[in-house]
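All of the numbers you see were taken from the coordinates with simple rules; none came from a lab. What you see is a predicted model; the values in this text were computed from it and never measured. Neighbour counts run over all protein chains shown; Cβ positions are idealised from the backbone, glycine included.
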Amino acid sequence: MRANYFGSIIVGLGHVSIVMLLIKTGFVPCLLQRFAAVGRMALTNYLMHSVILTTVFYGYDLGLYGRVPRFWEMGFVVAVIGLQMWISPWWLARYRFGPVEWLWRSLPYWTRQPMRRQISAGIR
């Protein structure tokens with residue numbers, strides 16, 4: 001039990017070290033922009049994450065929970081997060097909101113909110 005406490009401290013320091021290395025390399029602004037896009041589509045991404053991973057792991061489709069080692073389960077999660085970090089900025093470059101956020105904003109007013117971004121005259 002005590003070894004777990006020390007191991008947790010070492011893992012925490014490892015996470016801090018990774019963050020510090022990312023900051024020193026200058027990779028952080030690009031990463032932060034992607035995380036910001038994921039955050040702007042938080043409800044859409046939450047539902048997407050849930051649908052994808054429950055489809056893979058629960059019994060109503062592939063049912064891989066318990067049949068795949070924990071390490072590979074984490075790999076699935078990281079892959080879905082990577083997918084969301086790639087899709088979210090792409091989507092928000094074209095649309096003002098995520099699809100579920102658009103629905104969430106449109107329902108209380110009983111009118112469709114504008115979805116597409118306006119394209120400036122000089123940029124096509």
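Counting 0.36 nm for each residue step from ARG116 to PHE35 and taking away their Cα separation leaves a gain of 27.0 nm.
Sorted fewest first by neighbouring Cβ atoms within 10 angstrom, TRP104, TRP90 come out as TRP90, TRP104. Using a Gaussian network model of the chain in which every pair of alpha carbons under 10 angstrom is joined by a spring, one finds that among THR54, THR111, THR44 the greatest mean-square fluctuation is at THR111.
For region 19-26, 3J(HN,Hα) computed residue by residue from phi via the Karplus equation (6.51, -1.76, 1.60; θ = phi - 60°) reads 4, 5, 5, 5, 5, 5, 7, x Hz, glycine and proline entered as x. Among LEU22, TYR58, TYR5, whose Cα lies farthest out toward the positive end of the dipole of the chain, if unit charges sit on the beta carbon of Lys, Arg (+1) and Asp, Glu (-1)? Checked the options; the winner is LEU22. Remark: the Cα gyration tensor places the chain in the oblate category, a/c being 1.5 or greater and a/b not exceeding b/c. Sum up the charges of everything whose Cβ sits under 12 Å from the Cβ of ARG116, counting Lys and Arg as +1 and Asp and Glu as -1, but leave ARG116 out. Once all neighbours under 12 Å are counted, the net charge is +4. Largest mean-square fluctuation among PHE76, PHE27, PHE97, in a Gaussian network model of the chain whose springs join Cα atoms under 10 Å apart, belongs to PHE27.
The calculated FRET efficiency for MET20 paired with TRP86, based on their beta-carbon distance and R0 = 30 Å, is about 0.75.
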